[in-house]
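Novice: Below you'll find the structure I mean.
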Amino acid sequence: MAGGTAVVLDARMLAHDPGRGHPERPDRLRALLAHVADAGGLVHLGARPATEDEIALVHPPVHVERVAATAGRPRVAFDPDTATSPGSYEAARLAAGSALVLCEAVLAGDVRNGFALVRPPGHHSERDRAMGFCLFNNVAIAAAWLRTRGVRRIAIVDWDLHHGNGTQHLFESDPDVLYVSTHQYPYYPGTGAVGEVGVGAAAGRTVNLPFPAGFGDAEYIQAFTEVVEPVVLQFAPEFILVSAGYDGDHRDPLGGMELTAAGFAAMAQACVRLAETAASGRIAAVLEGGYDLGAIVEGVDTTLAAMRGASRVPPPATGDPRRAERVLERVRQAQAPYWRL
């Protein structure tokens, strides 16, 4: 089924269990396993563990060894939020490897696009530090891997509720990787201010849109229309990666945003359009956060529908675009030296 939309999903990632009552629980993936198994028309790709050399594209050996040392041990806590179980290391390798399997299939033209449904998530993982539920930075590993396959310019769009501090820091000095993040601010992990725009020759390659709690569909759509889409088009990537988190949903227990399926559909369709215009259609999404099971299933559905060509977006169910203007004006001012906005 060349040219279709793929999913990568493997029950072995259920083996990661950060502890009783933890939001990033195996049920997040279990709900998707049951749901995607019943969905027709998708290409199912088999997962594989990322090799240590592939993980080392962004993480130093000491960090890989630190996570590997948790294998078979009952519980290791990297911080109050981030703990492992005996199967966590293998699950983390599978999460990173799933993103690589998907990117490889897209690059080869075996599929048009797709979604790696993985856990543990990745975008908080720093170069040498596990944090924020994340052990390895799955999207960053995928971006670095794509570079080894001749893809020169990569855009990463991160719509998770939380700022992807790890992804930003890994690429903030790299002019050929654009990182764009919408996120609740101030909130965990405390990074992602408007003025964080990248370093040196990569100034302007980091675009942060820090939103106050309470923003909904209309504000996010306004931000994509006025900032995200113009910046990505001007950057002209050859491949787009999406850090797709669904903790901005109004039902999420950790978040303070008011997104609904309409907002996620609009963002996903915008990313697909950008890929079609600038990147020969090449786009891969990788699951990040989202802790309400109904919301995560619904959000994944809307993203896959966009990848499969859905063009109708329901009208915004929440929010007021006028409330976004103050934030967007600050973003425009910070990014004025680098982009036409």
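Novice: Among the residues of the stretch 280-305, which ones are part of a loop (DSSP other than H, G, I, E, B) and closer than 26 Å to Phe136 by Cα?
Specialist: Result: Arg282, Glu288, Gly289, Gly290, Tyr291, Asp292.
A quick yes/no check of all residues on (1) within 27 Å of Leu45 (Cβ to Cβ); (2) in contact with a strand residue (DSSP E or B) (Cβ under 6 Å, 6 or more places away or on another chain):
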position	(1), (2)
Pro230	no, no
Ser243	yes, yes
Ala261	yes, no
Ala268	yes, no
Arg273	yes, no
Glu288	yes, yes
Val300	yes, no
Ser311	yes, no
Thr318	no, yes
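Novice: Also, I was wondering about something else. State whether one or more residues within the stretch 259-266 are surrounded by fewer than 17 Cβ atoms within 10 Å (Cβ to Cβ), over 16 Å from the mean Cα position of the chain (by Cα) and farther than 22 Å from His123 by Cα. Even if it seems obvious, please write down each step before you answer.
Specialist: Narrowing the stretch 259-266 to residues surrounded by fewer than 17 Cβ atoms within 10 Å (Cβ to Cβ): none.
Scanning the stretch 259-266 turns up no residue that is surrounded by fewer than 17 Cβ atoms within 10 Å (Cβ to Cβ), over 16 Å from the mean Cα position of the chain (by Cα) and farther than 22 Å from His123 by Cα.
Novice: Something else now. Would you point out which residue out of Val7, Val58 is at pLDDT 95 or above, surrounded by 13 or more Cβ atoms within 10 Å (Cβ to Cβ) and part of a loop (DSSP other than H, G, I, E, B)?
Specialist: Details: Val7 fails: part of a loop (DSSP other than H, G, I, E, B).
Val58 is the lone residue from the list that is at pLDDT 95 or above, surrounded by 13 or more Cβ atoms within 10 Å (Cβ to Cβ) and part of a loop (DSSP other than H, G, I, E, B).
Novice: Quick check, is Val177 β-branched (Val, Ile, Thr), under 23 Å from Thr303 (Cα atoms) and touching a helix residue (DSSP H, G or I) at 6+ places or on another chain (Cβ under 9 Å)? Before the answer, list the steps.
Specialist: Details: β-branched (Val, Ile, Thr): yes; under 23 Å from Thr303 (Cα atoms): yes; touching a helix residue (DSSP H, G or I) at 6+ places or on another chain (Cβ under 9 Å): yes.
Yes; evaluated as a whole, the condition is true for this residue.
Novice: In the stretch 280-300, what residues are under 19 Å from Leu102 (Cβ atoms) and without any contact (Cβ under 8 Å) to a residue 60 or more places away in the chain?
Specialist: Ser280, Gly299
Novice: Next up: Any residue in the stretch 7-23 that's in contact (Cβ under 8 Å) with a residue 24 or more places away in the chain and closer than 10 Å to Ser98 by Cβ: show its pairings with residues that are buried (at least 23 other Cβ atoms within 10 Å of the Cβ) and among the basic types (Lys, Arg) at Cβ separation under 7 Å, as long as the two are six or more apart or on different chains.
Specialist: Met13/Arg119
Novice: If I filter the stretch 197-205 for residues that are surrounded by fewer than 21 Cβ atoms within 10 Å (Cβ to Cβ), part of a loop (DSSP other than H, G, I, E, B), without any contact (Cβ under 8 Å) to a residue 24 or more places away in the chain and small (Gly, Ala, Ser), do I get at least one hit?
Specialist: no
Novice: Could you give me the residue pairs with C-beta distances under 6 Å whose first residue belongs to the stretch 328-341 and is at negative phi and hydroxyl-bearing (Ser, Thr, Tyr), whose second residue is buried (at least 16 other Cβ atoms within 10 Å of the Cβ) and not in a helix (DSSP H, G or I) wherever it lies, and which are 6+ apart or on separate chains?
Specialist: Matching pairs, first to second residue: Tyr338/Gly204.
Novice: For the stretch 210-239, give me each residue that is in a loop (DSSP other than H, G, I, E, B) and more than 28 Å from Ala144 (Cα to Cα).
Specialist: Once the filter is applied, which keeps residues that are in a loop (DSSP other than H, G, I, E, B) and more than 28 Å from Ala144 (Cα to Cα), the stretch 210-239 yields Pro212, Ala213, Gly214, Phe215.
Novice: Ok, one more. Hey, among the residues in the stretch 17-32 that are under 19 Å from the mean Cα position of the chain (by Cα) and crowded, with 17+ Cβ neighbours inside 10 Å, which one's farthest from Ala83 (Cα to Cα)?
Specialist: Of everything passing the filter in the stretch 17-32, Leu32 is farthest from Ala83 (Cα to Cα).
Novice: Mind checking which residues of the stretch 240-272 are assigned to a helix (DSSP H, G or I) and in contact with an Asp or Glu (Cβ under 8 Å, 6 or more places away or on another chain)?
Specialist: Ala261, Ala262, Gly263, Phe264, Ala266, Ala270
The values are calculated or read from the model by the stated rules, or taken from the named source; none is laboratory data. Because the structure is a prediction, the values reported are computed rather than measured. With ideal geometry, Cβ positions are generated from the backbone for all residues, glycine too; neighbour counts draw on all protein chains shown.
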